[in-house]
1. In debye, nearest 20, what is the charge dipole magnitude of segment 261-345 about its Cα centre with +1 on Lys and Arg Cβ and -1 on Asp and Glu Cβ, if you could check?
2. So what is the 222 nm mean residue ellipticity for the chain from helices alone, if each DSSP H run of at least 4 adds -39500 (n - 2.57) and you divide by all residues, rounding to the nearest 500 deg cm²/dmol?
3. Given the alpha-carbon gyration tensor of the chain, what are the semi-axes of its equivalent ellipsoid in whole angstrom, ordered largest first, with each equal to the square root of 5 times an eigenvalue?
4. Let me check I've understood the local charge: for H271, count other residues with C-beta under 14 angstrom from its C-beta, Lys and Arg +1, Asp and Glu -1. What total comes out?
5. Take peptides 174-181, 304-311, 377-384 and line them up by average Cβ neighbours within 10 Å, highest first, as a rough protection proxy.
6. Ranking L268, L213 by Cβ neighbours within 10 Å, fewest first, what do you get?
7. Considering the options I102, G133, G82, tell which one lies farthest towards the positive end of the dipole of segment 74-151, charges being +1 on Lys and Arg and -1 on Asp and Glu at the Cβ, about the Cα centre.
8. Please give the peptides 79-90, 385-396, 248-259, 189-200 ranked by average Cβ packing (other Cβ atoms within 10 Å per residue), highest first, as a rough proxy for protection.
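Bear in mind these aren't lab numbers, they're just calculated from the coordinates by the rules spelled out. Given the structure is predicted, the values throughout are model-derived calculations rather than measurements. In this analysis, Cβ positions are derived from the backbone assuming ideal geometry, glycine residues included, and neighbour counts consider all displayed protein chains.
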Amino acid sequence: MKLPYEVVFYGFAALTAISGYLVRSKLLPPPKPTIVGIDLGTTYSCVAAFHAGQGLSKGRVEVLRTEGQRVVPSVVSYGADGAVLVGRRATARASLDPANTIYDAKRFIGLPHAVASKQPLAYPYQIAAGADGGVRFRVMGGKRLVSPEEVGGEVLKYLRRGAEASVGRQVHKCVMSVPAEFGERQRNATMAAASLAGLEVLRVISEPTAAALAYGLQNVDTGGLVVVFDFGGGTLDVSLLGVESGMFLTLAISGDSYLGGQDLSHNLMEHVREQVLRHSGAEALSAQTQQRLGAAVEEAKIKLSRRTATTVQVRLEPADYGGAAGPGEVAVPLTRAQFVAINAEPFGRLLLPLRQVLKDAAFKAADVDEVVLVGGSTRIPQVREQLKQFFGGREPNHAIDPDEAVAIGVAMQAGVITGSWPIEVSAIELPPKKPLKRTELGRASGRGGL
């Protein structure tokens with residue numbers, strides 16, 4: 001059978017174009033990323049970019065460094081002289097200037113002050129109402145009011161500068177993630193924060209969907225149920241997704257807004273501080289000692305995820321003894337078993353949101369096909385062990401760095417928008433059959449600072 005002339009002509013033209021593309025892509029270096037993916041987190045934030053492949057080679061996602069760090073604290077400190085510190089520099093100043101160091105700003109973004117003022121957590125900085133009825137943070141001795149969007153904008157500007165240094169060109173466009181329960185007002189406020197940082201948001205996707213993309217679950221053809229267990233520094237979020245051929249349907253969400261790695265650190269800090277006071281005879285701990293102790297306790301928590309025992313060592317100041325002489329350094333031994341016992345109450349709440357999402361969607365643990373871990377606190381062995389037991393001995397999937405999973409997912413979507421080769425499946429987030437409502441199981445913790 002002789003093919004029509006038009007079919008032969010257009011077929012030949014298509015083959016020529018594809019062949020030419022492949023030849024050029026092998027000879028020419030791939031273009032530098034122009035759109036990045038950003039995860040603006042409650043506690044930590046991260047930026048990543050998709051690098052196009054050459055020829056038939058696969059592209060790759062790179063988590064970009066900002067001043068040497070792949071993940072940066074979502075903390076901003078405002079100095080009396082007008083200087084603004086972001087990230088780890090701001091965290092280091094938190095104990096010395098708590099009233100002017102803002103963290104957890106994402107909790108307030110897009111919320112009316114009347115709603116945000118009911119926040120049960122105590123913060124060392126002042127929260128006020130803006131002229132528009134939104135939230136403001138009072139800094140610099142009350143001389144300046146800054147909004148959650150402005151705080152987020154400083155973090156995003158910091159990430160943007162790091163991204164530009166990494167890719168070697170200016171970056172003005174991005175894809176961003178937001179919690180699944182964020183409404184239109186909160187999503188718009190997140191985009192406003194990006195605008196303040198000089199970024200245009202081309203697309204917003206939910207954090208659970210972004211994590212599922214990072215784990216490659218968009219390639220599931222037969223359909224499946226996925227639990228995204230996101231346990232970060234400030235919150236615990238659990239989502240149940242239905243996934244099939246690149247389409248994502250959020251079936252249920254639940255969480256504990258007052259349970260995170262900060263709570264575990266706070267409880268451990270209180271235990272170690274009592275031991276330091278008891279063994280040293282100090283009257284109290286100065287701000288400088290508290291700062292050193294906080295860093296040492298956080299390091300010990302991380303070490304206990306890799307080993308069963310460690311020691312917290314802290315140098316004391318003469319001010320801790322009212323100016324008198326005292327021991328220069330105190331060592332407090334810790335075991336993983338002690339850490340679990342100290343945090344028995346928060347670990348007891350860990351699975352409540354998971355049970356709730358399964359109940360809300362009318363599924364059982366055995367129906368779940370995949371459990372993926374997101375958030376740095378999922379590195380804790382006790383967390384993984386409780387999940388393993390809940391799912392009948394099945395190990396949760398932690399193949400991707402949990403701090404970076406969401407940023408990787410949004411960077412993949414940025415690659416799709418730029419048409420990078422190979423073109424990945426674009427996430428299609430289906431609207432739920434009924435309005436999505438987060439089942440909130442949290443209650444206030446004793447956490448009151450960084």
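1. For segment 261-345, the charge dipole is close to 400 debye.
2. Computed ellipticity for the chain at 222 nm equals -11000 deg cm²/dmol.
3. Over the Cα atoms of the chain, the semi-axes work out to 42, 26, 22 Å.
4. Result for the local shell: -1.
5. 174-181, 377-384, 304-311
6. Values: L268 21, L213 29.
Ordered by Cβ neighbours within 10 Å, fewest first: L268, L213.
7. I102
8. Working: 79-90: 15.9, 385-396: 14.1, 248-259: 23.0, 189-200: 19.9.
Descending mean neighbour count gives 248-259, 189-200, 79-90, 385-396.
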